[in-house]
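Have a look at the structure below before the remarks.
Readers should treat all values here as calculations from the given coordinates under stated rules, not as data from a laboratory. Just so it is clear, the structure is predicted and the values come from calculations on it, not from any experiment. Neighbour counts run over all protein chains shown; Cβ positions are idealised from the backbone, glycine included.
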Amino acid sequence: QVQLVESGGGLVQAGGSLTLSCAASGRSFSSFAAGWFRQPPAKEREFLAAISRSGRMTEYADSVKGRFTTSRDDTKNTVYLQMNNLKLDDTAVYFCAAVQSVISTREDRYDYWGQGTQVTVSS
């Protein structure tokens, strides 16, 4: 079992930046691939980014490629999502997820989820 807690969300102006953190506890995080997803208001949850267990491989959705970067620090059992040039459409609840397997962009491959953190982008 692993527990995930996201932090770093908040209110930011369009064009601004935020960094989300996902802290894992319960087991060593280095054996888990991690993913980031978001759910905009009244919409389905969507994939954003994923990082492999080693950190050497990453995947991004086209909508955030070039603006968002995911990274990990296994000494801190934490995964990060750096978000730059935020847009109004980035307003959503952001979730991190983990799977004790290879990197994946598929929501149904992830076994563990955080509670989510709200990101609101204002004009």
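Put the Cα centre of segment 34-74 next to the Cα centre of segment 1-31 and the gap is 11 Å.
Of all the options 24, 42, 61, the one that moves most in a Gaussian network model of the chain with Cα springs shorter than 10 angstrom is 42. Using the Cβ-Cβ distance between residue 63 and residue 102 with R0 = 25 Å, the FRET efficiency computed as 1/(1 + (r/R0)^6) comes to roughly 0.65. Spacing of the modelled spin labels on residue 109 and residue 73, each 7 Å from Cα toward Cβ, amounts to 2.7 nm.
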